[in-house]
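Input: a single structure, listed below in structure tokens.
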Amino acid sequence: MNRFTTPSKIDLPNHSSDITVIILAGGLKYRKKSCGPHLLFKNEGGESVLDCHMNVINKILPESDVIITTGFDSRRIINKRPKKVRIVENQLWDKTNEAEEIRLALNCCNTNNILIIQDNIIFDHHVLFQSITQYSTILTTNKEDFDDNFGVVCVNGNAENLSYGIDNYSVGMYYIREKELKPFKRICNSNNSHKMLMEIMNELINRSGIKIKMATITNGKIQKI
């Protein structure tokens, strides 16, 4: 992984105090056991993925709340967490999926907007800034590095469905604003604990009156790890 350069000036969102950033780092056993938590991987400069995430978050969303959901090898992340970060541990990590991680984090969330970030990406300030818009937004790319991610079917700028085999690849960043957050919380219930993020996002998109925008990265750097 390359060290990203901090831009000289970026206009900050004016509502970062009303955003909770949820970093999904729990994972299922078969995803994590062989390599350990992605957040602790280090780049060529010696920074962990977690350090890189926090540097960018502190620059763009300095007043946001940050929650990391953990599961397998939870103690290693807890021992490395920055002071600002809260930890939510999914003790059923080997039996549940991302919906349960999100549900547990939402139970601790006091803001009207959330930004979900998956732990297997590293990105710069420009990319994070593009994920925070006036709408609920799924951030995408056409980079082949992400071609094993699910993609987004987009009609008139709105996400219509998430599925594999589509070129608008989700990068693993999902911004959900107040209007959409209420039904999203209802979807992330204990009965859906086995579901993946793609499945619960599709349930949200299919709700009447819900519109989720798709935004494609136009500048900045992002890598999958």
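Taken over the range 195-205, the criterion of being among the aliphatic types (A, V, I, L, M) and touching a residue at least 60 places away in the same chain (Cβ under 8 Å) is satisfied by Met196, Leu197, Ile200, Met201. Evaluation of Phe150 against the conditions (1) within 15 Å of Val21 (Cβ to Cβ); (2) in contact with a Leu (Cβ under 6 Å, 6 or more places away or on another chain) shows that the sole unmet condition is (1). When the range 1-41 is filtered for residues that are more than 16 Å from the chain's Cα centre (by Cα) and modelled with pLDDT of 80 or more, the ones remaining, listed by number, are Ser17, Asp18, Leu40, Phe41.
Of all the residues in the range 205-222, those that are within 18 Å of His125 (Cα to Cα) and surrounded by 19 or more Cβ atoms within 10 Å (Cβ to Cβ) number 3.
Pairing residues of the range 206-225 that are farther than 18 Å from Asn113 by Cβ with residues that are surrounded by 15 or more Cβ atoms within 10 Å (Cβ to Cβ) and of a type in the set (D, E, K, R), at Cβ distances under 7 Å and at least 6 apart in sequence or on separate chains, gives Gly220/Asp124; Lys221/Asp124.
The criterion of at least 3 residues that are touching a Lys or Arg at 6+ places or on another chain (Cβ under 9 Å) is met, among helices (runs of 4 or more DSSP H) falling completely within the range 53-149, by 98-106, 125-131. Taking the listed residues Asn142, Asn158, Asn168, Asn97, the one that is under 23 Å from Thr69 (Cα atoms) and either of a type outside the set (Phe, Trp, Tyr) or surrounded by fewer than 23 Cβ atoms within 10 Å (Cβ to Cβ) (or both) is Asn97, with no other qualifying. Within the range 167-225, the set of residues being within 15 Å of Ala99 (Cα to Cα) and part of a loop (DSSP other than H, G, I, E, B) comprises Cys188, Asn189, Ser193, His194, Lys195, Met196. Restricting to the range 42-52, and then to whatever is part of a helix (DSSP H, G or I) and without any contact (Cβ under 8 Å) to a residue 40 or more places away in the chain, can you tell me which residue is farthest from the chain's Cα centre (by Cα)? So, considering only residues that are part of a helix (DSSP H, G or I) and without any contact (Cβ under 8 Å) to a residue 40 or more places away in the chain, the one farthest from the chain's Cα centre (by Cα) is Asp51. Of the residues examined, Asn158 is one that is touching a strand residue (DSSP E or B) at 6+ places or on another chain (Cβ under 8 Å) and more than 24 Å from Ile87 (Cβ to Cβ).
The values are calculated or read from the model by the stated rules, or taken from the named source; none is laboratory data. In this text, all values refer to a predicted model and were calculated from it rather than measured experimentally. All Cβ positions, even for glycine, are placed from backbone atoms using ideal geometry, and neighbour counts span all protein chains on display.
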